[in-house]
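Notes follow the structure.
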Amino acid sequence: MLQKDQVDEYLHKAQDAIDSAHKELLDVKLIQQNDPTEYPFIMNQIMELDEEINDLLTDASPEQREQLEEAQQQLQETKSIMIKGI
């Protein structure tokens, strides 16, 4: 079973990546150009977190699994939005 701090750390990293992605997308919309350094960095963070979550889900308690699955869904939605550029 996972330690609470492992789940909390992952959820914090996931939320930071999601927030950064949303900020980057908003910036792109506002200035109509993409910062070539931030977008790939944020997308890479999201991809890494998406891979990491599978290992965490394996050892998670039911309560932790629920939290992680919610974060996973948010990451997938954010990744989809970033790919579409909406």
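Listed here are the residues, each with its yes/no results for (1) at pLDDT 90 or above; (2) more than 16 Å from Asp16 (Cα to Cα); (3) charged (D, E, K, R).
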residue	(1), (2), (3)
Thr37	no, yes, no
Leu49	yes, no, no
Asp55	no, yes, yes
Gln73	yes, no, no
Ile86	no, yes, no
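Tell me, which residue of the range 17-35 that is assigned to a helix (DSSP H, G or I) and over 19 Å from the mean Cα position of the chain (by Cα) is modelled with the lowest pLDDT?
Step one: filter the range 17-35 for residues assigned to a helix (DSSP H, G or I), giving 17-31.
Within this subset, residues satisfying the condition of being over 19 Å from the mean Cα position of the chain (by Cα) are 29-31.
Details: Lys29: 59, Leu30: 53, Ile31: 49.
Applying the filter and picking the extreme gives Ile31.
The values are calculated or read from the model by the stated rules, or taken from the named source; none is laboratory data. The structure presented is a predicted model; accordingly, all values stated were derived computationally and were not measured.
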